[in-house]
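The values are calculated or read from the model by the stated rules, or taken from the named source; none is laboratory data. This is a predicted model, so every value here is computed, not measured. Every residue, glycine as well, gets a Cβ built from its backbone with ideal geometry; the counts of neighbours run over all protein chains shown.
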Amino acid sequence: MVSARGVERLLSVLGYADGESFAHRLDPLTKIVILSCFCALAVLARSLCLMLAGLASAFILVWRSRVGLRRILGRLRFLIWLLAILFLLQVLFTRAGRPLCGLDLRAVGIGADLVITSGGLVKGAVMASRLLMILISSIFFVTTTEPARLACSLISHGVPYRYGFMLVLALRFIPIFQLEANTVRRAQLARGLKIDVPGPRALVRLARYTFTPLIVSALERIGTISVSMEGRGFGLKGRRTFLRESRLRLCDWAVSLGSLGIVSAAVVLIR
Amino acid sequence: MIDLEGLSFRYRSCTLPALQNIDLRIADGEIFLIIGESGSGKTTLAKIMAGFLGPGSGEMEGKVLIDGVDVHAVPRQNLVGLVGLVQQDPESQMVTLNVKDELAFGLENMGVGRREMEERISWALESTGSIGLSERQISSLSGGELQKVAISSILALRPKVLILDEPTSSLDPRSAWEIGDVLGRLNSQGVTIVVIEHRYSWIAARASRMAVLSHGSVSALHSCPLIEKTQARSAARRQPPKTLSPDPLLLIEHVSFAYDGTEVLKDVTLDIRRGEMVGLMGDNGSGKTTLLLMIMGMLRPSRGQVKFAGRRVEVTSAIAREVGMVFQNPNHQIFESSINDEILFGPRNFGIPREEADARLSDVAATLGLRDRGESSPHALSLGEKRRLNVASVVVYEPHLYLLDEPFVGQDQGNVDRIMAIVREKVDRGASCLLVTHDPDLASESCDRIAFLKRGRVLVQGPPDHVFSTLDKEDEKWYLPEGWRGS
């Protein structure tokens, strides 16, 4: 089981990592295109070779972005178990392909044979690679994209300001709520609340004692934020100006079109 | 310039008025101080003066005129260049992710051009001495830095009047005095400043006048500079316990701790004996809360060990019954829907018999002034009452060691006295207390020993006189009690 502190540390590692790499300089919109290409490849590709090529590309992108690949992978160790389970399930239950080995389970009271096939191995590897590719490409996006620049880019490219601002507010306060949830958890422990008691009643009790303080705290923050926003003219009628503006450069167009072209060709030709 | 004419206000949900018949005139270029106990109407007055509360939010009589403009006769957004309000909690006021965007937010809303925006941002940051923060992420700022950015973000809009509601309540003394310097600089540039505070020594010398608010009315008007009187909290300094047990109740041995590679505590050694009250002081971020969490077994030291009653602290559940901790934010530690249930939350979890718990509840609630409201919702309490409830919820199960993490933030003297009285009583009866505080006067009067943390290390520890003498030599003048300052 992953501890709350473990999740907190994982999230701190998976945030934006300041840098000057080529990936950092790309417009966030371009990186959304790259991420979408990887996700499309993960969903559409059936060939193990294509999947492994995509996975290798995703790893190279994170490595070249100099965001601490080794540190990130260290924090993702628990996911190896998830990938292993996914792989094993496919190996055990896929019957297609050439049988490689078998085991008669009738002797231990299970009325079926266990047959491991070449199809099962390939499907297991494809499924595990699919999940890993989505994960690594998401890490690439999150660690190289400054949230404020992301919001600015979205607004500059047509997303209404209020929605872009909602994204900024969410990014601003989610870590604070995470820290608050941690403090609430510590306050519960300090006053003797046991959380490892099994059963639905204990779970409901725990949820109540966790959400009540968090909601009260959030409501207080909302009051402060609205005074802060109103006091600085939020919603003032007239044209809003922007300190930052985001424009797609030639390299952004080249990378976006290149990614779309390569992935489309690969999926159509190899799949 | 600011005229309050016969101002009265009552919230819709309340029967009693929050403000009653206030007449006040604040001249251009003044630094005007408003003080008063918790619940006297200070924040309500600040919000009304800044136009955030008005006839739409309750029953209001009278007028607030700033530069001849009735602030309730125009939409709030149109007051941006006239009056700005800096609120108590700087962190919650920030709506963007980095400092420059935070300052640009208001200017963008007003439609200011990019070149002028850049100029105003630089000017505002320079005025508050925070130009070095311009490229920083909001999440990386300290409490003092956050407050300077909050002031800058209002200042960039060039308001004629700046109102600050308890701007230093969560800051360490060094940061509070720095904010005082910032306000002095702004005032010399012609900004009229209204400061609302409980503890005001950091601004008293700069203020021109001071109003005392009591039960919603101005009860006194003084000329400044005023020296903040440390009220006769206790007739005399706490007498040290006559005999101390040779074995420490809590022993912290060469403890170090790092968050993701950053060392927060470095080789900290400290002990507390039965019947001792020990003060823990130091700047925001010096490692005080981390040390408390480590004592509770919520963080594990990277080096060294923490022992409670001779046993190494491994998990919280093993010591929770004997070590009671009051956390900083009152809302994070209120779980139940009535005050009585909240006080009984700990005793129920620890399996204290019902009759015994009820008897203790009655005593504790009476001492902390919560008895008559036992069935009310704790969330309807004022900040001061919530703080008393937090303390009551721990005192009721009578732990051997109390860990109090800045329990007096935003509290008036009456609340401080009430909480200290019950903690002192427990300590006099043999319990121990580690009190995190930014108040040197309180530490000097109430603590048998003080430990001062600086950047994660114990700079000095010992009896108060020894500690303050060392802090004086180390030029930590912000942490000296009134008697030491200027001596």
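The one condition from (1) under 30 Å from B:Q88 (Cα atoms); (2) touching a Gly at 6+ places or on another chain (Cβ under 8 Å) that A:Q188 does not meet is (2). Taking the criterion of being closer than 30 Å to B:P330 by Cα and facing another protein chain (nearest Cβ under 9 Å), the residues of the range B:56-85 that qualify are B:G84, B:L85.
Among the candidates A:R232, A:R201, the residue that is without any contact (Cβ under 8 Å) to a residue 12 or more places away in the chain and more than 7 Å from chain B (Cβ to nearest Cβ) is uniquely A:R201. For A:T183, the conditions (1) in contact (Cβ under 8 Å) with a residue 40 or more places away in the chain; (2) not assigned by TED's automatic domain parsing to the domain that holds A:A23; (3) not aliphatic (A, V, I, L, M) all hold with the exception of (1).
Filtering the range B:112-144 to residues that are of a type in the set (A, V, I, L, M) and more than 14 Å from every other protein chain (Cβ to nearest Cβ) leaves B:I131, B:L133. Among the residues examined, B:T269 does not qualify as outside any loop (DSSP other than H, G, I, E, B) and within 23 Å of the chain's Cα centre (by Cα).
In a strand (DSSP E or B) and modelled with pLDDT of 90 or more: is that true of B:L213 in this structure? Against the criterion (in a strand (DSSP E or B) and modelled with pLDDT of 90 or more), B:L213 qualifies. Of the residues that make up the range B:290-305, is at least one assigned to a strand (DSSP E or B), crowded, with 22+ Cβ neighbours inside 10 Å and within 12 Å of another protein chain (Cβ to nearest Cβ)? No: the range B:290-305 contains no residue that is assigned to a strand (DSSP E or B), crowded, with 22+ Cβ neighbours inside 10 Å and within 12 Å of another protein chain (Cβ to nearest Cβ). Among strands (runs of 3 or more DSSP E) entirely within the range B:384-460, having at least 3 residues that are on the phi < 0 side of the Ramachandran plot, crowded, with 20+ Cβ neighbours inside 10 Å and among the charged types (D, E, K, R) singles out no element at all.
Picking from residues in the range B:31-84 that are in a strand (DSSP E or B) and out of contact with any Leu (no Cβ under 9 Å at 6 or more places or on another chain), the one that is nearest to B:Y11 (Cα to Cα) is B:G58.
Can you say whether A:S138 is at pLDDT 90 or above, more than 14 Å from every other protein chain (Cβ to nearest Cβ) and assigned to a helix (DSSP H, G or I), as far as the supplied structure shows? Criteria met by A:S138. For the range B:306-351, what are the residues that are in a loop (DSSP other than H, G, I, E, B), more than 10 Å from chain A (Cβ to nearest Cβ), free of Cβ contacts under 8 Å to residues at least 60 places away in the same chain and surrounded by fewer than 22 Cβ atoms within 10 Å (Cβ to Cβ)? Within the range B:306-351, B:E314, B:S338 qualify. Annotation: of all residues in the range A:216-230 being among the small types (G, A, S) and either in contact with a Lys or Arg (Cβ under 6 Å, 6 or more places away or on another chain) or closer than 14 Å to B:Q88 by Cβ (or both), the one that is modelled with the highest pLDDT is A:S228.
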